[in-house]
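Everything on this sheet refers to the single structure shown next.
The values are calculated or read from the model by the stated rules, or taken from the named source; none is laboratory data. All values derive from a computational prediction rather than experimental measurement. Positions of Cβ are generated from backbone atoms using ideal geometry, with glycine treated the same way; all protein chains shown enter the neighbour counts.
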Amino acid sequence: MSTFKIDASALRVTLAAVRPAVDPKGSRPIMGYVQIVVANGKAQISADKGDVAMMAKCEADGAAGFVVPYDKFAQIAGLYDEALTMTYNAAKRALTIKAKRAEHVVTCADPADWAPIDWSVKAHTAAQAPAPVILSAAGWAHLWSAHYYVAQDVNRVGLNGLFLERVGDGETLRTVGTDGSRLCWRSAVADPTIPISGADLPSRALVPSGVAAVLGKSAAIAQDEDLFALTLGERAGVWAQVDADGEEVGALRVRFALLEGTFPDYRMILPGKVKRTATVNCSDWSTALKSVAVSATDKNASVRCDFEAGRLRMSARDVKGGEARADLPAEVDGGDISVGLNAIYVASVISGMAGDSVTVHLGDALDPTIWVDQLWRPASGSLADLPDMVIIMPMRLD
């Protein structure tokens, strides 16, 4: 028998961290289980559903090793706030969990059914092995936020993942997500003291949207200056927190399969020039949009935006003939124009702006609308060189 102790609150946090890699309804029953190894003052909890594997650690006293059903184990951990004393009987494959108020017995799986997780990453070129790309937590959190724009339909091959590439001088990393109606890219530049290292990224670096969301959450809850390394190979990637020397120091490690498919050349959608610009305060626009969106009840949640000298007028009609309007100040340059936009998309863009205002670059009524937190002029360079951008495709106005 093996006996050990784990604080229930720490156990809950660690179990929650690996939850995205658990699949109780997977092709193999073992996908609904987690492996727990207690040694050297730590409990290492691993989950593996094939395309995603995760490992997280928390403090623990004692020594043990077993494979336990995730849902049942997490449910019991959620009942208590104190330290839990556990005993594992290998002969009976039974885990006894004791708290101050009760005792639970959980039947575990045969450890032989748990396949060791392969944390290695195969090189995407024969000449050079994969090396990690290292950025701060703040940089990674910004990059992974583009996953909100990825197509949710898994059958849209090429659009169902977050595209990752190096741009410019090679020290800038960019992520791009699109669902066909809107597109977003985010960029992060390496700190001079923490250079992006490793070989060139593979040509098909498509990260599953769900994985990007998990990694973004991991980076967002870390300290801004913490470092994370992403190692990409031919078909898989590994993510972990590291120190300045690249040594793993964090409590979470993720291995995931890259998606197959070719991401479209997103630069092709960029217009050669823009005819008009409109700069609007984000807070003002958000407040006015909420009022108008009440009547944007058609399937496209469409809002009419009339950009005129000194103002933006928004209006929407509901399916029963009702209407809502709102006016707000705007700096419009280049002439009046009316554009139909999805209210949900606009609200998402405004909420994600880094500054107090957003500038929309417009062509004609059905041209892509370009959203940035700064005014762009052709003399300042190509649109493709902007570090962050959102593109929303307009809709026809009836």
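So which residues in the stretch 383-398 are in contact (Cβ under 8 Å) with a residue 60 or more places away in the chain and either under 19 Å from Ile344 (Cα atoms) or out of contact with any Pro (no Cβ under 8 Å at 6 or more places or on another chain) (or both)?
The first filter runs over the stretch 383-398 and keeps only residues in contact (Cβ under 8 Å) with a residue 60 or more places away in the chain, leaving 383-385, 387-393, 395, 397.
Within the stretch 383-398, Ala384, Asp385, Pro387, Asp388, Met389, Val390, Ile391, Ile392, Met393, Met395, Leu397 qualify.
Identify the residue in the stretch 129-163 that is of a type in the set (A, V, I, L, M) and under 12 Å from Ser209 (Cβ atoms) and, among all such residues, is surrounded by the fewest Cβ atoms within 10 Å (Cβ to Cβ). Even if it seems obvious, please write down each step before you answer.
Looking only at the stretch 129-163, we keep the residues that are of a type in the set (A, V, I, L, M), and these are 129, 131, 133-135, 137-138, 141, 143, 146, 150-151, 154, 157, 159, 162.
Now narrow it down to the ones that are under 12 Å from Ser209 (Cβ atoms): 146, 150-151, 154, 159, 162.
Working: Ala146: 27, Val150: 26, Ala151: 18, Val154: 11, Leu159: 22, Leu162: 30.
For the stretch 129-163, the residue satisfying everything is Val154.
Give the residues of the stretch 6-41 that are among the basic types (Lys, Arg) and farther than 15 Å from Arg253 by Cα, sorted by residue number.
Our first condition is that a residue be among the basic types (Lys, Arg); within the stretch 6-41, this holds for 12, 19, 25, 28.
Within the stretch 6-41, Arg12, Lys25, Arg28 qualify.
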query: Where residues in the stretch 227-280 are in contact with a His (Cβ under 6 Å, 6 or more places away or on another chain) and farther than 22 Å from Val211 by Cα, which of them is modelled with the highest pLDDT?
result: Thr277
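I want to confirm something. Restricting to the stretch 1-45 and keeping residues that are polar (S, T, N, Q) and surrounded by fewer than 21 Cβ atoms within 10 Å (Cβ to Cβ), which single residue is farthest from Lys98 (Cα to Cα)? Working first, answer last.
Going through the stretch 1-45, the residues polar (S, T, N, Q) turn out to be 2-3, 9, 14, 27, 35, 40, 44.
Narrowing the set further to residues that are surrounded by fewer than 21 Cβ atoms within 10 Å (Cβ to Cβ) leaves 2-3, 9, 27, 40, 44.
Numbers: Ser2: 14, Thr3: 11, Ser9: 15, Ser27: 33, Asn40: 22, Gln44: 20 Å.
The qualifying residue farthest from Lys98 (Cα to Cα) is Ser27.
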query: Is it the case that some residue within the stretch 187-199 is in the same structural domain as Ala141 (by TED's automatic domain parsing), crowded, with 18+ Cβ neighbours inside 10 Å, at pLDDT below 95 and under 14 Å from Ala257 (Cβ atoms)?
result: no
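Can you name the strands (runs of 3 or more DSSP E) wholly within the stretch 279-337 that have at least 1 residues being touching a residue at least 40 places away in the same chain (Cβ under 8 Å) and either of a type in the set (Phe, Trp, Tyr) or assigned by TED's automatic domain parsing to the domain that holds Ser357 (or both)? Steps first, please.
On the way: elements: 302-308, 311-317, 323-329, 331-333.
By residue number, 302-308, 323-329, 331-333.
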- prompt: Among Ile337, Ile344, Ile391, which is the only one that is within 25 Å of the chain's Cα centre (by Cα) and closer than 19 Å to Gly272 by Cα?
  reply: Ile391
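Does Ala112 satisfy being under 27 Å from the mean Cα position of the chain (by Cα), more than 27 Å from Ala229 (Cβ to Cβ) and not in a loop (DSSP other than H, G, I, E, B)? Show your work before the answer.
Details: under 27 Å from the mean Cα position of the chain (by Cα): no; more than 27 Å from Ala229 (Cβ to Cβ): yes; not in a loop (DSSP other than H, G, I, E, B): yes.
Criteria not met by Ala112.
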message: I'm checking my understanding of the structure. Among residues of the stretch 51-78 that are surrounded by fewer than 21 Cβ atoms within 10 Å (Cβ to Cβ), in contact (Cβ under 8 Å) with a residue 60 or more places away in the chain and outside any strand (DSSP E or B), which one is farthest from the chain's Cα centre (by Cα)?
response: Ala63
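Based on what the data block shows, is Gly237 under 14 Å from Val133 (Cα atoms), in contact with a strand residue (DSSP E or B) (Cβ under 7 Å, 6 or more places away or on another chain) and buried (at least 21 other Cβ atoms within 10 Å of the Cβ)?
Details: under 14 Å from Val133 (Cα atoms): yes; in contact with a strand residue (DSSP E or B) (Cβ under 7 Å, 6 or more places away or on another chain): yes; buried (at least 21 other Cβ atoms within 10 Å of the Cβ): yes.
Spelling it out, Gly237 is indeed under 14 Å from Val133 (Cα atoms), in contact with a strand residue (DSSP E or B) (Cβ under 7 Å, 6 or more places away or on another chain) and buried (at least 21 other Cβ atoms within 10 Å of the Cβ).
Could you grab me the full set of residues in the stretch 136-145 that are in contact with an Asp or Glu (Cβ under 9 Å, 6 or more places away or on another chain) and assigned to a helix (DSSP H, G or I)? Don't jump to the end; show me each part of the working.
Step one: of the stretch 136-145, the residues in contact with an Asp or Glu (Cβ under 9 Å, 6 or more places away or on another chain) are 136-139, 141-142.
Across the stretch 136-145, the qualifying residues are Ala137, Ala138, Gly139, Ala141, His142.
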